[in-house]
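Quick notes on the structure that follows.
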Amino acid sequence: QSVLTQPPSASGTPGQRVTISCSGTSSNIGSEIVNWYQQLPGTAPRLLIYNDNQRPSGIPDRFSGSKSGTSASLAISGLQSEDEADYYCASWDDSLNGPVFGGGTKLTVL
Amino acid sequence: QVQLVQSAAEVKKPGASARVSCKASGYTFTSYFIHWVRQAPGQGLEWMGMINPSRGSTSYTQKFQGRVAMTRDTSTSTVYMELTSLTSEDMAVYYCARGTIALPDYWGQGTLVTVSS
């Protein structure tokens, strides 16, 4: 059971916009920053969004992050086949004194 | 560019220990924490702990307290993670990842640890 809650799956067709939610509590998302990671099949996770809504260099602006209260969201616009991957949210947890991850969302491009 | 290169896959017997290395390059080794995160087959990401390469100080999640040790060698910019008393439940890909004290950014390629008699 992950501390942060994500839907196990999401899907969309090429060109569509999809959002993935991440729900937490006041001891993590509600008071700390959120990162998002993309994990392509058979590879290591890659940082996609940091500090709630910042994109590292090299990440297309099709990817965006937002946060409100104890929830965060990842939006992917102009969906492409290469976006098919697992997506994880993460945040620091003040009670556990360490980072916590969501269970991951498997994105399928139909 | 930032690179974290991990050691090769290991096969261990139950009760043995596994030691995974993570060699960093492309940045100032002592300026960032190194986190260790594992992923069991078909499962999500699980944070194990982290080390401050500058001071050598560590923080482990309660689940692994007493069974994990993270050390560093500043002369080679390498961090080590040793996990003892392995069981089948420890079979996973182990990742090192650079980051702030809070969250990882750059990740290593992962090291598969197989536990089998």
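The values are calculated or read from the model by the stated rules, or taken from the named source; none is laboratory data. Just so it is clear, the model here is predicted, and its values are computed rather than measured. We place every Cβ from the backbone using ideal geometry, glycine too, and count neighbours over all the protein chains shown. Just the protein is used for accessible areas: all its heavy atoms, side chains included, with ligands, DNA and RNA removed. Shrake-Rupley method; radii C 1.70, N 1.55, O 1.52, S 1.80 Å.
Of note:
- Of all residues in the range A:44-65, those satisfying the criterion of being open to solvent by less than 60 Å² (accessible area, probe 1.4 Å) and either outside any strand (DSSP E or B) or away from chain B (no Cβ under 14 Å) (or both) are A:ALA44, A:PRO45, A:ASP52, A:PRO56, A:ILE59, A:PRO60, A:ARG62, A:PHE63, A:SER64.
- Exclusive hit being surrounded by 20 or more Cβ atoms within 10 Å (Cβ to Cβ) and either of a type outside the set (Val, Ile, Thr) or at pLDDT below 95 (or both), set B:LEU45, B:LEU112: B:LEU45
- Check on A:SER77, open to solvent by 60 Å² or more (accessible area, probe 1.4 Å) and small (Gly, Ala, Ser): no
- Of all residues in the range B:87-109 being among the aliphatic types (A, V, I, L, M) and either part of a strand (DSSP E or B) or closer than 12 Å to B:ASN52 by Cα (or both), the one that is nearest to the other protein chains (Cβ to nearest Cβ): B:ALA102
- Only residues that are within 14 Å of another protein chain (Cβ to nearest Cβ), open to solvent by 40 Å² or more (accessible area, probe 1.4 Å) and either within 17 Å of A:GLN80 (Cα to Cα) or among the aromatic types (Phe, Trp, Tyr) (or both) were counted in the range A:1-39, giving 1.
- Within the range A:68-101, the set of residues being more than 14 Å from chain B (Cβ to nearest Cβ) and either within 12 Å of A:GLY24 (Cα to Cα) or touching a His at 6+ places or on another chain (Cβ under 7 Å) (or both) comprises A:SER68, A:GLY69, A:THR70, A:SER71, A:SER73.
- Tally of residues being of a type outside the set (D, E, K, R), at pLDDT 95 or above and surrounded by fewer than 19 Cβ atoms within 10 Å (Cβ to Cβ) across the range A:80-108: 3
- Residue within the range B:74-86 that is within 14 Å of chain A (Cβ to nearest Cβ), open to solvent by 40 Å² or more (accessible area, probe 1.4 Å) and β-branched (Val, Ile, Thr) present: no
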